[in-house]
Amino acid sequence: MSSKPVIVVGAGPVGLTAALALRAYGLPVVVLEAGREGRQRPGSRAIFTHSQTLQILDRISPGLGAELYEHGVYWNTQRTFFAGKEVYAKTYPDPPAGSYPHFTSLPQVQIEAYLFARAVASGVDFAWEQEVRDVHADEDGVTITTAVGREWHADFVIGADGSRSVVRKQIGAQMEGSKDDGWYIVVDVDELETPALPQERHFHYAHPAVEGRNVLVVPFAGGYRVDLQLVEGDDPDELASPEGVRAWLDAVLPPGYAERTSWVSTYQFLQLVAHDFADPARRVLLVGEAAHLFAPFGARGLNSGVPDAEAAAIAVAAASLATNRGAAKVPVEAFALARRSAALFNRDAAGEALAHLRPDPETAARIREAAERAPQDVEASTWLEKAPYGPRGVHTAETVYRY
Ligand SMILES: Cc1cc2nc3c(=O)[nH]c(=O)nc-3n(C[C@H](O)[C@H](O)[C@H](O)COP(=O)(O)OP(=O)(O)OC[C@H]3O[C@@H](n4cnc5c(N)ncnc54)[C@H](O)[C@@H]3O)c2cc1C
C-alpha cells in the first residue's frame, strides 16, 4: 500500500466529506483548495439535509450527523396552497427518541464549518491557494500542477472542485443534459421574534399576492428560504434588485422580513451528469457538483454529493490495497458506474419536479383540476404536495454494494 496521501481537490462540503471518509479508512489525505485559509464563501445554497446524509456523516465521523441535527431545525407540518386556498396540510408525528427525523435544515456555511472542524481534528492536511490547473493521470499515477506552479503527486485523486470543475475537464469527462429556461430568485431572510413565522414548509401554486407566481417558504436554523418562480416576461434583474425583492417579499411574508434579507440570488438550473465519473486510468474520481448538477427541488445536490464522497473513499481504500493495477481498477469502476447511475436517477427526478413547476398546458390543467378537488380528494391533494419535489428516493452509498 502506497504511503502517498490521497489528494482531494476542493474544500467544499463534498471534498471535506471525502477527506473525512478517507481518514475513516486510515488513509493520509491532502486537500488542495483554490481559496485562501479562513475564506468566507458567498451564498447560502443547501439547507435541507436528509437523514441518510446524517447517517453517512455519523459513519465517517461518529457524532457528526448528530451535531448537524442538533444545530438544525426540523418542521413536521407541511402545507400547500393554490391561489391562496389550502389544498394540503399534514403534521407528521415526532420521530421516535434516538432516531433522526427525515431531515434537518441548516445553512450550508454551517454544515461546512462542522465538516471542516472534524477534518482538521481527524488529521486531514490542507493546502490553501492551490488552484488546480493541470491533471495528468496514467498507469503510473497522477500529477497535478497548480496555478502557483507547484507539482503534486498521488496514486488517487478525488475531484470535488464544484460545478466548473477543472479536474473534470482535465480528465476529459463531458457533462450531458440540459439547462432549464425558467428563472428563480432565492432569498434567505433572518428570523424575527415578532412576528414569528410558523416552523412549517409552505408551497404556494399561483400565489395571489405576487400575481400568480409560485412561492416556496422553507425554515432553516436562524431564518427562512423563500423561492420565487418567475413567469414569462419577468425581468430577473429587476425582481432580484433590492427594491424588487423588498416589494415581493413584503407581499408574501409578514412585515419586517423584507428588511432582513441575508442573501439574494438568481438562478436558471442546470441538469447535467458527467459521462464518466473516473478517468480512463481509473485513478481520478469525480464527486459532488464536479460530477453532476441538479435543480435543487428535492434537495438532491449535497444529499447525493455526500454518498458520492463516501463511495469514492471506499473505492480508493480498496484500490490502495490491490496488488496489481487490474485489481485496483475494479472498485473505481464500480464507484463510477454506481454513482453515475444514482446521478442519472437524481437528474431525472429533479427534471420531473421542474416539469411540474413549469407545466405544459395539459399538466397545468391537471393541477387546476386537482386544486378544485383538494383537500377533500386525498389523492389530488397529495399529488399537489409531492410533485414539486419530484419522485421520492435518494441513492445512498449502499447502492455501491450492488455491483
Ligand atoms: C439555491 C440552492 C439551494 C440548494 N439547496 C440544497 C439543499 O437544500 N440540499 C442539498 O442537498 N443541496 C442543495 N443545493 C446544492 C448544494 O449546494 C451543492 O450540491 C453543493 O454545494 C456542492 O458541493 P461541492 O463540494 O460539490 O461543490 P462546491 O460547494 O462548489 O465546492 C467546490 C470547492 O472547490 C474549490 N475549487 C474550485 N475549483 C478549484 C480548483 N481548480 N482547484 C482547487 N479548488 C477548487 C472551490 O473553491 C470550493 O471550495 C442547493 C444549491 C442551490 C444553488
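Values quoted throughout were computed directly from the atomic coordinates according to the rules given, and no laboratory measurement underlies them. Quick caveat, the model's predicted, so the values are computed rather than measured. FYI the Cβ positions are ideal-geometry reconstructions off the backbone, even for glycines, and counts take in every protein chain you see.
Please report how far the C-alpha centroid of segment 1-77 lies from that of segment 296-357, rounded to the nearest whole angstrom.
For segment 1-77 versus segment 296-357, the Cα centre distance is 16 Å.
I'd like to know which of HIS71, PHE294, THR145 lies farthest towards the positive end of the charge dipole of the chain, counting +1 on Cβ of Lys and Arg and -1 on Cβ of Asp and Glu.
Looking along the dipole axis, the top candidate is THR145.
Once fully extended, how much extra length lies between ALA89 and GLU176, figured as 0.36 nm per residue of separation less the alpha-carbon to alpha-carbon distance?
This chain segment gains 27.5 nm when fully extended.
Kindly provide log₁₀ I(q)/I(0) values, in the same order as q = 0.19, 0.20, 0.21, 0.22 Å⁻¹, from the Debye equation applied to equal alpha-carbon scatterers of segment 20-111.
Scattering profile of segment 20-111, log10 relative to I(0): -1.04, -1.09, -1.14, -1.19.
Need one number for segment 184-267: average projected area of the convex hull over its C-alpha atoms, nm².
Orientation-averaged projected area of the Cα hull: 5.0 nm².
Show me the trypsin sites (Lys or Arg not before Pro) within segment 243-352 that DSSP assigns to loop and that have at most 16 other Cβ atoms within 10 Å of their Cβ.
Here the sparse-neighbourhood loop sites are ARG260.
Rg and Dmax in Å for segment 200-356, alpha carbons only: what are they?
That works out to 20.8, 66 Å for Rg and Dmax.
Can you run phi through the Karplus equation (6.51, -1.76, 1.60; θ = phi - 60°) for segment 137-149 and list ³J(HN,Hα) in whole Hz, with x for Gly and Pro?
After applying 6.51 cos²θ - 1.76 cosθ + 1.60, I find 10, 8, 4, 8, x, 10, 10, 10, 10, 9, 4, 7, x Hz.
Fewest Cβ neighbours within 10 Å first, please rank PHE81, PHE48 accordingly.
The order, fewest Cβ neighbours first, is PHE81, PHE48.
Counting DSSP beta bridges with both partners in the chain, what percentage is antiparallel, nearest 5?
75 percent
Mind giving me the nanometre distance, one decimal, between the label points for GLU259 and ARG39, set 7 Å out from Cα along Cα→Cβ?
3.5 nm
Rank TRP128, LEU20, LEU32 by how far each Cα sits towards the positive end of the charge dipole of the chain (+1 on Lys, Arg Cβ; -1 on Asp, Glu Cβ) and give me just the farthest.
Selected residue: LEU20.
Over all alpha-carbon pairs in the chain, figure out the percentage whose distance exceeds 38 Å.
22 percent
Magnitude of the Cβ-charge dipole of the chain, K/R +1 and D/E -1, about the Cα centre, nearest 20 debye?
980 debye
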